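Since the structure comes first, as structure tokens, the remarks are kept for the end.
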Amino acid sequence: MATFGPQFSDDDQGRLELSLATPGLVDVYFTPSEARLRAAGRVGDASARVLLLRFDAKAETTTIFPVNTMPTSARFLQPKHDPIISIALVQEHSLATIIDDFDDSEHFVMPKTLEDVQMYLNECMPSGFTKDPNFGLGLDRTLSFIIQALAKIDGVEHLRLTDAKTFDVSRVDDGQTFEMGFQLFDELRRGADRFDDKARASSRKKKTQLAYSNLLHKIDKDTFPLKLFEREPDDIAETIGRTIVDAKLSEKDRAAVIGLAKATVRSTLNTQRESVIKLHNEIELASLDELIAHIEAKLAVKTTELQWQALFEANPFILDMAFNVPVLLLQGQAHVGGKKLSGGGEKITDFLFANQLTDNLAILEIKTPATTLLSAREYRGGVYGPSPELVSAVTQLLDQVNHLQSDIFRLKAFNPDHRMESFGVRGVLVAGLIPEAERKRSFELYRNALGGISIITFDELLAKLKSLRTLLARRENR
């Protein structure tokens with residue numbers, strides 16, 4: 001067995017002593033070697049003799065009192081698993097047994113000699129426990145996570161493993177003892193072994209990959225072509241676990257998750273179609289929630305036309321709702337009266353679109369939510385005329401439509417990469433907010449009387465987004 005800490009000679013063996021406390025109750029004491037006592041400065045110290053084991057035949061219990069045997073530690077000869085003082089093993093065969101030669105029956109025997117104690121440690125101590133008294137017994141170092149977890153529970157000083165439980169746990173003895181089943185303990189132990197084995201295998205593979213990439217590939221790229229690191233099946237699932245806490249993910253983690261999803265989405269559809277569709281729906285909902293919140297925030301402050309143009313360009317699907325048909329963005333800040341859409345024209349529109357199905361062109365002009373839509377003064381009998389701002393914006397849009405229709409043949413000739421038709425160029429103006437109260441009637445009468453021009457307000461676009469969000473949420477909950 002490996003020795004941790006200071007290394008001593010062959011005489012570094014502690015001493016065990018048996019003490020028959022009462023009939024059916026045997027205590028085993030441990031005294032470290034002289035070498036360790038000298039290293040700790042405790043030669044001749046009577047308190048260096050500590051209780052290590054207790055065998056209780058009546059209770060069919062073996063109790064271990066793990067002790068720190070590292071002389072350089074400030075906790076030398078104190079509880080090894082502080083705050084856990086003892087570990088009780090309560091099971092049918094927790095004591096040493098012998099087999100009758102005549103009928104093969106088993107029965108308990110209490111240790112009477114040090115050889116009996118050593119036999120128990122070697123043959124009867126459960127897996128997951130240190131068996132060498134010179135290392136203070138207790139749990140293997142690989143199971144320290146169990147002690148660390150129990151240390152978070154105030155008042156727990158003892159651990160009891162019992163075959164009376166399976167996978168359940170409880171606190172007994174006024175809360176001082178944490179009780180768990182051997183089955184659960186073995187599950188934890190085997191799980192820890194699997195994790196350690198996988199970690200070691202992964203480490204070896206990464207080291208091999210590191211050497212291959214930096215030594216072999218660099219010296220001869222043809223003989224040793226670059227290889228990708230291959231993961232074992234279920235490696236990612238076990239690494240992530242069942243619970244994912246988003247707040248703990250770094251930007252590199254998020255990028256890796258997105259990259260993995262993108263790389264595997266097509267193959268995953270074959271076996272995880274429902275999950276992929278749910279993920280897609282969740283992405284749509286999250287994107288809509290973010291966009292809705294962004295628009296609401298912009299509506300609450302003063303904004304410029306350029307800011308709204310940037311938002312629409314980053315989220316072009318909003319414009320599908322503005323036109324009520326699927327459209328394709330041809331050019332932002334398009335020159336509609338010249339040769340090239342990207343420059344050299346006389347008239348500039350915010351966005352130039354084409355219907356994805358008919359190739360018919362459409363122009364979008366964007367103002368701001370602060371644009372006044374109606375005159376401040378009543379014309380007569382509850383009727384309000386359009387504001388000068390709105391009239392000017394509509395006239396500007398009509399002028400752009402006229403130039404586009406007049407120059408369509410030249411535009412098509414100089415922009416062969418774009419499919420464009422002018423069957424009836426449509427103009428859309430996004431401006432202002434729906435007027436209040438009795439002014440709504442005047443606004444609706446005016447905009448519905450316009451030919452070839454549609455006016456949609458910013459709060460109407462927001463309402464359409466919210467309706468779409470509600471529709472998607474209902475689909476997700478079905």
For LYS252 and LYS464, extending 7 Å from Cα along the Cα-Cβ vector and measuring point to point gives, in nm, a value of 4.4
Which whole-Hz couplings ³J(HN,Hα) result when phi for each residue of segment 196-206 is put into the Karplus expression 6.51 cos²θ - 1.76 cosθ + 1.60, θ = phi - 60°, listed in order with x for Gly and Pro?
-> 5, 4, 5, 5, 5, 5, 5, 5, 4, 5, 5
Let me know the charge dipole size of segment 15-192 about its Cα centre in debye, to the nearest 20, where only the beta-carbon of Lys, Arg (+1) and Asp, Glu (-1) is charged.
-> 1120
Rounded if a/c is under 1.5, else prolate if a/b is larger than b/c, else oblate: which is segment 34-94, with a ≥ b ≥ c the root eigenvalues of its Cα gyration tensor?
-> prolate
Sequence-distant residues sharing a close amide H with ALA370 (under 5 Å, placed H) | GLY432
Scan segment 112-168 for trypsin sites (Lys or Arg not before Pro) in coil per DSSP, keeping those whose Cβ has at most 10 other Cβ atoms within 10 Å, and list them by number.
-> LYS152
The answer for the net charge of residues other than ASN315 whose Cβ lies under 15 angstrom from its Cβ, with Lys and Arg +1 and Asp and Glu -1, is -3
Could you grab the relative contact order for segment 15-192? Cα pairs under 8 Å, six or more apart, rounded to a whole percent.
-> 17
Which whole-Hz couplings ³J(HN,Hα) result when phi for each residue of segment 444-450 is put into the Karplus expression 6.51 cos²θ - 1.76 cosθ + 1.60, θ = phi - 60°, listed in order with x for Gly and Pro?
-> 5, 4, 5, 6, 6, 8, 6
Gain on full stretching of the segment that runs from GLU157 to ARG38 - 0.36 nm per residue minus C-alpha separation = 39.8 nm
For segment 381-459, accessible area per residue (1.4 Å probe, heavy atoms of protein chains only), Å² | 52
Where the centroid of each part is defined by its Cα atoms, how far is segment 117-148 from segment 55-88 in Å?
-> 10
Rounded to a whole number, what % of the accessible area of segment 15-192 do carbon and sulfur atoms account for, probe 1.4 Å?
-> 50
The answer for segment 15-192, accessible area per residue at 1.4 Å probe in Å², is 50
What is the calculated FRET efficiency for ASP12 to ASP222, with r their C-beta to C-beta distance and R₀ = 51 Å, to the nearest 0.05?
-> 0.35
Each label point is 7 Å from the Cα along the Cα-to-Cβ direction; what then is the distance between the points at GLN78 and GLU313, in nm?
-> 6.7
Given a Förster distance of 25 Å, the FRET efficiency implied by the Cβ-Cβ spacing of ASN270 and LEU357, rounded to the nearest 0.05, works out to 0.20
Report the extension gain between ASP168 and ALA376 in nm, rounded to one decimal, defined as 0.36 nm multiplied by the number of residues separating them, less their alpha carbon distance.
-> 67.4 nm
Mind checking segment 437-478 for chymotrypsin sites (Phe, Trp or Tyr not before Pro) that DSSP puts in a loop (not H, G, I, E or B) and that have at most 15 other Cβ atoms within 10 Å?
-> none
If the chain between LEU114 and ARG194 were fully extended at 0.36 nm per residue, the gain over the current Cα-Cα distance would be 25.3 nm
Qualifying trypsin sites (Lys or Arg not before Pro) in segment 354-388, DSSP loop, other Cβ atoms within 10 Å at most 12 = ARG377
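The values are calculated or read from the model by the stated rules, or taken from the named source; none is laboratory data. If you're wondering where the values come from, they're calculated on a predicted model, not measured in any experiment. So basically every Cβ, Gly included, is an ideal-geometry build from the backbone, and we count neighbours across all protein chains shown. Heavy atoms of the whole protein, side chains included, go into the accessibility calculation; ligands, DNA and RNA do not. Shrake-Rupley method; radii C 1.70, N 1.55, O 1.52, S 1.80 Å.
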